[in-house]
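Here is the structure we will look at, set down as structure tokens.
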Amino acid sequence: MRHFPIFRDLRGRRVVVSGAGDAAVAKLRLLLKTEARIIVYGTDPHAQITRWAGEGRLHLIPRRIDHGDALCAVLVYGANEDAAEDARIAGIGHAAGALVNIVDNLDDSDFITPAIVDRDPVTVAIGTEGAAPVLARRIKAETEERLAPGLGTLARIGQGFREAANALPHGRIRRRFWSRYFDEIGPRALAEGGEAAVHTALESLLDDILAEDSGRGHVALIGAGPGDPELLTLKARKALHEADVVIHDRLVSSEILELARREAIVIEVGKTPHGPSWQQSDIDALIVDHAGRGAHVARLKSGDPVVFGRLDEEMDALDAAGIPFIVIPGITAASAAAASIGASWTKRGRNADFRLLTGHDVAGFAEHDWRALAGPGQVAAVYMGVRAARFLAGRMMMYGAAADIPVTAIENVSRADQKIIATTLSRLPDALHDAGITGPAILFIGLSPRQAMEASDTLDLPATGVL
């Protein structure tokens, strides 16, 4: 980040603009939204600038800026669209101790003016370090659509109610009050009865929150999906945003953890295969401890917590402690993996069932109904199967599975570094080793990537392929 975003107080402060043409008009449209004292220097001023001056919104001096004209200014804009003149302006501004912006000249500017979404007093500033103005305008347009026009009104009314809201204790309870106001109560009251109804609704909401039991903790057992933050459900996002404490698996992506509040306590309870790991009993105790002290806890589990997530143990611990909880399902890795290779778990004429298996259990490599898995047309997804690949392939072929059954391994499903390896059952262990698979991976027994299946009609595919 080259430019650090800040909001500068311009109330009653002097802002100088050198230049009175089109470039100056564009900057002044934003500056006139502030409470600054604006002085414009420039000959042959644009008609719009003359009108603004006539309305008393700015002071126009119809000459070139000179030394001393920028004294006491906090910001100076060079909008002359002339490199030599703007360089002179920069010297005048710096001599006066002001920050200088030269229009369309990133390198010679002390600051840049972002694209702005105005819902006064709510302001959203969008910057791209000057790299992509078109992208900034697109984000601005999308943000304008998402933020209701009445948001500024709600913010202004809420600002006036803050002293009354101080009756609520700091932290979660006060956040719940403001969240319900901005998300539900406020918009509905404004739409139905205008500003007067909003004031009445705020007072009723405050009474309701004060009357609620504020000492109980709560736990959300959340499926964080395979890693792509866009695959997180809306309900999961909301629970994560409201959490005081976030307890997460090692495989939960950093992009998803970024969605938590900055004030939240974030704790990794990682389990590393054949390495240092948290004991499940310790994780259970940690969740109960934080929730027992009144915190809202988000327990993030990669994928879907109901699929090989040891969910029952955590629910049992919460039940025993009398702590309420909810389970928020997520997209399991096998679903995302099937989507990434363009395959379907079931297909008419091929298989009428589908199995989710684990490569490991508490006793080591997991045993399954190998005879059923080895049958023709069977499809299964194997979690935690990379280390068990040789055992898995050997068992299946021992029970009659063909050596050339297609197998697809998908490492780091849905993430930027996702890797797809298409191979066969007999080649599986060597293919995984040759591809250097070290991250979490799903193994699909009986499925090939869609592009490989389409190509197989006309091409002789190799035994192993990295896609």
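Results, tabulated for the structure shown:
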{"quantity": "Elements of type helices (runs of 4 or more DSSP H) in region 292-384, at least 3 residues being assigned by TED's automatic domain parsing to the domain that holds residue 394", "calculated": "333-340, 370-373"}
{"quantity": "Any chance residue 60 is at pLDDT 95 or above and either farther than 20 Å from residue 110 by Cβ or assigned to a loop (DSSP other than H, G, I, E, B) (or both)", "calculated": "yes"}
{"quantity": "Residue ID - surrounded by the most Cβ atoms within 10 Å (Cβ to Cβ), chosen from residues in region 86-104 that are farther than 18 Å from residue 28 by Cβ and in contact (Cβ under 8 Å) with a residue 24 or more places away in the chain", "calculated": "92"}
{"quantity": "Residue list for region 130-168, filter: over 28 Å from residue 113 (Cβ atoms) and basic (Lys, Arg)", "calculated": "162"}
{"quantity": "Count of region 234-249 residues which are in contact (Cβ under 8 Å) with a residue 40 or more places away in the chain and surrounded by fewer than 18 Cβ atoms within 10 Å (Cβ to Cβ)", "calculated": "1"}
{"quantity": "Considering residues of region 5-51 that are out of contact with any strand residue (DSSP E or B) (no Cβ under 8 Å at 6 or more places or on another chain) and not in a loop (DSSP other than H, G, I, E, B) only, the residue nearest to residue 123 (Cα to Cα)", "calculated": "29"}
{"quantity": "Members of region 40-78 that are within 20 Å of residue 8 (Cα to Cα) and aliphatic (A, V, I, L, M)", "calculated": "40, 58, 70, 71, 73, 74, 75, 76"}
{"quantity": "Count of region 258-300 residues which are surrounded by 13 or more Cβ atoms within 10 Å (Cβ to Cβ) and touching a residue at least 40 places away in the same chain (Cβ under 8 Å)", "calculated": "11"}
{"quantity": "Selected residue [touching a Ser or Thr at 6+ places or on another chain (Cβ under 6 Å) and either free of Cβ contacts under 8 Å to residues at least 12 places away in the same chain or part of a helix (DSSP H, G or I) (or both)] from 209, 173", "calculated": "173"}
{"quantity": "Answer residue from region 406-430, given it is surrounded by fewer than 20 Cβ atoms within 10 Å (Cβ to Cβ) and among the small types (Gly, Ala, Ser) and is modelled with the highest pLDDT among those", "calculated": "426"}
{"quantity": "Filtered residues of region 310-334 (kept if free of Cβ contacts under 8 Å to residues at least 60 places away in the same chain and of a type outside the set (A, V, I, L, M))", "calculated": "310, 312, 313, 316, 319, 322"}
{"quantity": "Count - residues of region 431-467 that are in a helix (DSSP H, G or I) and either modelled with pLDDT under 90 or aromatic (Phe, Trp, Tyr) (or both)", "calculated": "6"}
{"quantity": "Flag for residue 179 being within 30 Å of residue 301 (Cα to Cα), among the polar types (S, T, N, Q) and assigned to a helix (DSSP H, G or I)", "calculated": "yes"}
{"quantity": "Selection from region 304-334 of residues that are out of contact with any Phe, Trp or Tyr (no Cβ under 8 Å at 6 or more places or on another chain) and small (Gly, Ala, Ser)", "calculated": "309, 317, 320, 321, 322, 330"}
{"quantity": "One residue from 120, 82, 86, 108 being in contact with a Ser or Thr (Cβ under 9 Å, 6 or more places away or on another chain), modelled with pLDDT under 95 and not hydrophobic (A, V, I, L, M, F, W, C)", "calculated": "86"}
{"quantity": "Scan of region 108-146 for residues that are surrounded by 12 or more Cβ atoms within 10 Å (Cβ to Cβ), part of a helix (DSSP H, G or I) and of a type in the set (Lys, Arg), ordered by number", "calculated": "137, 138, 140"}
{"quantity": "Matching residues in region 157-173 - criterion: being under 27 Å from the mean Cα position of the chain (by Cα) and either buried (at least 16 other Cβ atoms within 10 Å of the Cβ) or among the hydrophobic types (A, V, I, L, M, F, W, C) (or both)", "calculated": "158, 172, 173"}
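Here's the yes/no breakdown for (1) of a type in the set (D, E, K, R); (2) modelled with pLDDT under 95; (3) within 23 Å of residue 263 (Cβ to Cβ); (4) in contact with a Leu (Cβ under 7 Å, 6 or more places away or on another chain):
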| residue | (1), (2), (3), (4) |
| --- | --- |
| 140 | yes, yes, no, no |
| 152 | no, yes, no, no |
| 159 | no, yes, yes, no |
| 172 | yes, yes, yes, no |
| 186 | no, yes, yes, yes |
| 196 | no, yes, no, no |
| 209 | no, yes, yes, yes |
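The values are calculated or read from the model by the stated rules, or taken from the named source; none is laboratory data. Predicted, not measured: the structure shown is a model, and the values here were computed from it. Positions of Cβ are backbone-derived with ideal geometry, glycine not excepted, and every protein chain shown enters the neighbour counts.
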